[in-house]
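The values are calculated or read from the model by the stated rules, or taken from the named source; none is laboratory data. Small disclaimer: the values here were computed from a predicted structure and weren't measured. Here the Cβ positions follow ideal geometry from the backbone for every residue, glycine too, while neighbour counts run over all protein chains shown. Surface areas here come from the heavy atoms of the whole protein model, side chains and all, with no ligands, DNA or RNA. Shrake-Rupley method; radii C 1.70, N 1.55, O 1.52, S 1.80 Å.
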Amino acid sequence: MGRIGILLFLIMSSLPSLASGSYREEFERGFLTKTWSGEQPEENFCIECHSSDKMKPDFLTIAEEWKASWHAQNNIACHNCHGGDPKDESMSMSPHRGFVGKPKPSEVPDFCGKCHIGILKNYYESDHGKAFRLSGKGPNCVTCHGSHNIQKANIEIISEHRCTTCHSYERAKAMKQALFLTEKKFDELEGGLRKLRKEGVYIDDDQKNFFSLHAEFRTLFHSVDVNLVRDSTNDYLAKLAAAESKINNTFKELRFRRNFSALILLIFAAMGAVLYMLTKTPRE
C-alpha cells in the first residue's frame, strides 16, 4: 500500500489548483457577462468632424474630452444629447433628425434633465435652482460637472475651491460630511461587484439595481438640503446592508462550490488510483 499512499498524496497536492482553475472556467462559461449599455454607431461623423483639420480650434478639444468622459464609458454619445444622425454626414446636424445643437445657458438644466429627471426635480426645488429660474444665472449642471469631459460623480465635486466661487463653504462642507459614510459604503459594494464579475459571476441585474440605488441617492445632492440628506442616510444604509449581505453570500457560495468540486475530484481520483493499483496487484 506504500505506492498507493504516495500516489494519493501527489493527487491531493495537485487537486486544489486544478479544481479551482477548472471550476472557474466552467463557471465563467455558465454565467457569461453581457453589456447592458447602448450600442454606439460604428461610424460617428460627429467625432470625425470634430477631430478633423477643418474644425475651428475652439471645437477641436470636444471629441477628446468626450472620449475621456463617463458618458463615453457608458456609450452615451453626441447624438444622445445633441440629436442629429451620427451615421449620415449629410444629416448629422439636421433638425429633421432631432439635432438641437448647443443649448443656451438658460436651457442647460432642462437639456441635461432629459435623462437626469430626478436630479432635475431636486435641482429646481433647491436654492440653486430657484436662483437660476429667477435670474437665468447661477450654478447649473456644467458649473460643477463640466460640458464634455464629464466624470463619474463623487463627493469630491463638493470642494472649497468650487463652492466658494459663489458663496462660503460652510453649508457645502456640512453636506459633504453628511454624505461621506453612505458614499464610502457605496464605493465598497461597487468594489465587491467588480470582484464578482472578475470571478465570472453574472451580476448584470445586481449592477443595475445598485446603479439605480446610487443614482437615487445622488439626486439628494442636488437638493442642497443637509437635513434631508441626514434624514435619508439610515434608509440608504439599510438598503446597502441588504445588498452587502447578498454579495457576501455569493462569495461564500463561490468558495463552497470550489471546495465541493475539489472534494468530488479528489474522491474520483482516489477511487481511480485504488482501482488502478488493485489491477496491478498480483493475484494469489
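Among the residues of the range 207-215, is there at least one that is under 22 Å from K130 (Cα atoms), open to solvent by 20 Å² or more (accessible area, probe 1.4 Å) and not in a loop (DSSP other than H, G, I, E, B)?
First pass over the range 207-215, keeping only residues under 22 Å from K130 (Cα atoms): none.
No, there is no match, as no residue in the range 207-215 is under 22 Å from K130 (Cα atoms), open to solvent by 20 Å² or more (accessible area, probe 1.4 Å) and not in a loop (DSSP other than H, G, I, E, B).
I need the full set of residues from the range 118-139 which are among the hydrophobic types (A, V, I, L, M, F, W, C) and open to solvent by 40 Å² or more (accessible area, probe 1.4 Å), in order please.
Filtering the range 118-139 down to residues among the hydrophobic types (A, V, I, L, M, F, W, C) leaves 119-120, 131-132, 134.
Within the range 118-139, I119, A131, L134 meet the criteria.
Name the pairs: first residue in the range 75-89 and on the phi < 0 side of the Ramachandran plot, second residue surrounded by fewer than 19 Cβ atoms within 10 Å (Cβ to Cβ) and in a helix (DSSP H, G or I), Cβ to Cβ under 6 Å, at least 6 apart or on different chains?
D85/M91; D85/R97
Which condition from (1) over 17 Å from T182 (Cα atoms); (2) in contact with a Ser or Thr (Cβ under 7 Å, 6 or more places away or on another chain); (3) of a type outside the set (A, V, I, L, M) is the one that Y236 breaks?
Y236 satisfies every listed condition except (1).
Taking the range 64-92 on its own, how many of its residues are more than 19 Å from N149 (Cα to Cα), out of contact with any Cys (no Cβ under 9 Å at 6 or more places or on another chain) and surrounded by 14 or more Cβ atoms within 10 Å (Cβ to Cβ)?
Filtering the range 64-92 for residues more than 19 Å from N149 (Cα to Cα) gives 84-92.
Retained after the next criterion (residues that are out of contact with any Cys (no Cβ under 9 Å at 6 or more places or on another chain)): 85, 87-88, 90-91.
Applying the additional criterion that residues be surrounded by 14 or more Cβ atoms within 10 Å (Cβ to Cβ) yields 85, 87, 91.
The number of residues fulfilling the criteria is 3.
Have a look at G138, G113, G118 and point out the one that is farther than 22 Å from C49 by Cα and touching a Leu at 6+ places or on another chain (Cβ under 9 Å). Can you show your working first?
Values: G138 fails: touching a Leu at 6+ places or on another chain (Cβ under 9 Å); G118 fails: touching a Leu at 6+ places or on another chain (Cβ under 9 Å).
Every option except G113 fails the conditions.
Looking at C144, C115, which is the one that is open to solvent by 40 Å² or more (accessible area, probe 1.4 Å) and modelled with pLDDT under 90? Steps first, please.
Working: C115 fails: modelled with pLDDT under 90.
Being open to solvent by 40 Å² or more (accessible area, probe 1.4 Å) and modelled with pLDDT under 90 holds for just one of C144, C115, which is C144.
Being over 16 Å from the mean Cα position of the chain (by Cα) and either of a type in the set (A, V, I, L, M, F, W, C) or modelled with pLDDT under 85 (or both): is that true of R257 here? Please lay out each step first, then the result.
Numbers: over 16 Å from the mean Cα position of the chain (by Cα): yes; either of a type in the set (A, V, I, L, M, F, W, C) or modelled with pLDDT under 85 (or both): yes.
Spelling it out, R257 is indeed over 16 Å from the mean Cα position of the chain (by Cα) and either of a type in the set (A, V, I, L, M, F, W, C) or modelled with pLDDT under 85 (or both).
Kindly provide the set of residues from the range 216-227 that are open to solvent by 40 Å² or more (accessible area, probe 1.4 Å) and in a helix (DSSP H, G or I), ordered by number. Give the derivation first.
The initial filter retains those residues of the range 216-227 that are open to solvent by 40 Å² or more (accessible area, probe 1.4 Å), namely 216, 222, 225, 227.
Result: E216, H222, N227.
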